[in-house]
Every structure is written in C-alpha cells, then in structure tokens.
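A quick write-up on the structure given underneath.
The numbers here are math on the coordinates, done by the rules we state, and not lab data. Treat the numbers as computed from the prediction; the structure is a model and nothing was measured. For neighbour counting, all protein chains shown are included, and Cβ atoms are generated from backbone atoms with ideal geometry for every residue, glycine included.
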Amino acid sequence: MKKKSSFIWKTLLGLITLVLILYIGFRIKEYFIGNKYVSYLEDYMLVKSPIKDPLKLEFDDEFYKNSLFLIGEFHEFAASPTIDVAMFKHLHEKKDIRIYLAEMDIAQSYYLNEYLEQSSKNWIVNIGQISKIYRNEKWGKLKKYYENLTADKKFQVIGIDVIRDYKLLHTLLNQKLLYQYEIPKDKDGLIQWGILNLPEILSEHAYAEEDRLLLNDITFILTNMKESNTRDEFMFRQFKYYYQQKNWSDKSLYGCFGLYHTLQGLEKTFAGKIKKSELGIGSKMISINPIYLNSHLTVLSSYLPWFIADDTEYTRLSISQDNMFDNYIIGIQDFKRVGNKNSINLFQLNAKNSPYKESLRGISNFSLTPFFGIDIKNKNTATTDYFQYVFVIDGSDWVPPE
C-alpha cells in the first residue's frame, strides 16, 4: 500500500514538474519571439489613457481615408460604452459620420432615434441584458451629444440585426399603418402576415414618404428573416440593402457590434461577408477590436457552470486574456510590456513593415477550459486580415446590473 501511495505521489510530482517546465519554457519562448513585436508596438502606440479618464483619441492619417469603421466589443464591460462613445464622437467630428450602424433591430432603432431626438422621450427599448448604467454610459451620453449638434450635423442610428423584439415591431406597425389590421403577435405569424400583406397595403394606400420607406424596409426585413440562414448573413443582407437603397457609397459609416461580427478574416461574419462582397467598401473597412486584462464582465449566472457562477442572478466574472483558463491571446505579453496598467491602450497593427501582417500573433488564442476562444483555422491569414487596430484594456470593471 505504501509503495502504491509513493508511486502516486511521485507521478503527481513528476506531472507538476513537467507542467512547470513546459509553462516556463513557453513564457521564455514567448518573450524572445515577442521582442520584435514590442519594438514595433513602441512606435505605433497611439493612446495611453487611464481607465477613469475621458478617452481622447488620435490616429494616423491613413486611418481617416477609410469609409467603414467597425468597433468590436464585449458588451458587458464598463469600458465598452466608453470606447464606443469616444470613437463615434471622434469620427463624427473628423469624418462627418451621420450613420451609426447598431446591433439592434429596426423597431428598436426607430424608437431609439425618437429617444435621441425628443428631449422628454422615455427609454422604451429593451436590448439584451443592457442595464440602466450601461444605457446611460452609452445612449445617455450620445443623447446629450446629439442634442448639442446643429441640424446639419445630426446623426441617425440604423439597426441591422435580426428582429429581437416582436412586441415592439407589432407596436410600430400599428402606429404606422393607416388602418387597423389583425396583426399576429407571435414571431412566425407576424413574419408571414407582413410578407403577404404589406406590399398590397402599400400599393393600395397613400403614405407619407418617410412612413412608406420605413414600411418597405420592414417588408424586406421580414423576407430576409425567412431567407437568411445565419444572423451574420441577415446582417450583411440588411447592410447591402441599405447601402444600395440609401446610396451610402459616398458616405462614411460607423458601427459597433459584438467582437465576432467585426472579424474580417472569417467568411461567415458580417465583416467577412462585406470584405468578400462586390459592394466595394470592403477595401475601405477598418475593424478595431479589444483585448481585456485584469477586468470584470457582467454575465447571467445561468449561462455559467456552477463552479464559476456567483450565487446571484448575475456574476461579476473575472476576465484576463493572459490567463490560460480564460482565453489566452498569443502575444498578449507584448502588449503588456508596452501598455500601461489600469489604462485603455490603443495600438495600430497595420503600419508599414508591421510584423502583424505576417503572423497570427495578437489574435491566435487558446484556453484550457472549453468556454472561451475563437478558433482561427486558416493559418494562411495574418492578424491584420481580421482587425487593424486594437484596444488593450487593463482594469475595466463590470457593468452592475439593475
């Protein structure tokens, strides 16, 4: 028995020693490989902003020659609305951007625009897990910004996501249609009713031009809901429809979406589909994505395994992408060696002679748990095929739930 116990302990000690040797070897290898990346990042760090300070942005001249600017985010970090608001205000002022593409549906964006436009308008839009604090940090601040703009500088929010709130869409249809109709409230019934009846209603009755355009858009969206196989396919088809119908080819556009949707190098994503399309704007598209260190994320506890979740409705989940149990980014130490702690650090990755044009460092990732990570399968691509700038955020808090 003693021999068996001794064997087990020696085996465990051997395994622990092996793991430590592999880990130390990995870190040493990463350090030396990272030296040339660190040299590059030191030259192309654009912003170092303490996490609690107002975020002031600056970019190289080539950046502003683009036409479509996509910001990828993790929705429930406190730093996310800070970055989004700062980026939109910066580009609105620098590029005169009047169109904010949003990860919401047409009814949600319609009423959100009413909220922006009318000083007394109450918030009625329900978007995912969005809390009052998050809403105030993002849409509350954009509302204040909007109210101080002159009429010729006002912007519009356009939702291009799948229908998320059928009750709100039902309300919008009843508000805009001239006559009372028995419109189903369930998803399948409403979609079918709209596809069959809206074209006929529009052909038989005279509507104000703005309402006619809105109802035409809803008709297309309901058809798109039936014909799209994935959410990103729907978003692309919706973007393409607006791009052509609203003559966006000569305009600059801004959008903020979940990180995955903005990855240009994946053919199935919204950004990837734009890149491969015949629209022409794919070659003038910029994606800016975040990496988080020593931060906390708001997550519904029911989404998490019991050993990670708090015993409350929401979990204040610790996230750091230098942690192999979260979502370890290959090359994360390079950013840490250059960036500041408790700060929002912005780096340009696509400058001339950038090593990020020749490797997947900065996007390639792995996790020792099955809950995190994006699998980058095409090894013939490089980091800048997916995004061209990166925010490295150290010390973001969660968004406290209501």
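Please pick out the residue among 285, 235 that is under 30 Å from residue 381 (Cα atoms) and in contact with a Leu (Cβ under 6 Å, 6 or more places away or on another chain).
285
Tell me yes or no: at least one residue of the range 284-299 is over 28 Å from residue 166 (Cα atoms), part of a helix (DSSP H, G or I), free of Cβ contacts under 8 Å to residues at least 60 places away in the same chain and among the charged types (D, E, K, R).
No, the range 284-299 contains no residue that is over 28 Å from residue 166 (Cα atoms), part of a helix (DSSP H, G or I), free of Cβ contacts under 8 Å to residues at least 60 places away in the same chain and among the charged types (D, E, K, R).
With the requirement that a residue be surrounded by fewer than 19 Cβ atoms within 10 Å (Cβ to Cβ) and in contact with a Gly (Cβ under 8 Å, 6 or more places away or on another chain), what does the range 360-393 give you?
Within the range 360-393, 364, 366, 367, 376, 378, 381 qualify.
May I ask you to list pairs of residues, at least six apart or on different chains, whose Cβ atoms are under 6 Å apart, with the first in the range 352-367 being acidic (Asp, Glu) and the second being buried (at least 19 other Cβ atoms within 10 Å of the Cβ)?
From the range 352-367, the pairs are 358/382.
Restricting attention to the range 309-347, which residues are closer than 17 Å to residue 77 by Cβ and aliphatic (A, V, I, L, M)?
Once the filter is applied, which keeps residues that are closer than 17 Å to residue 77 by Cβ and aliphatic (A, V, I, L, M), the range 309-347 yields 317, 319, 329, 332, 344, 346.
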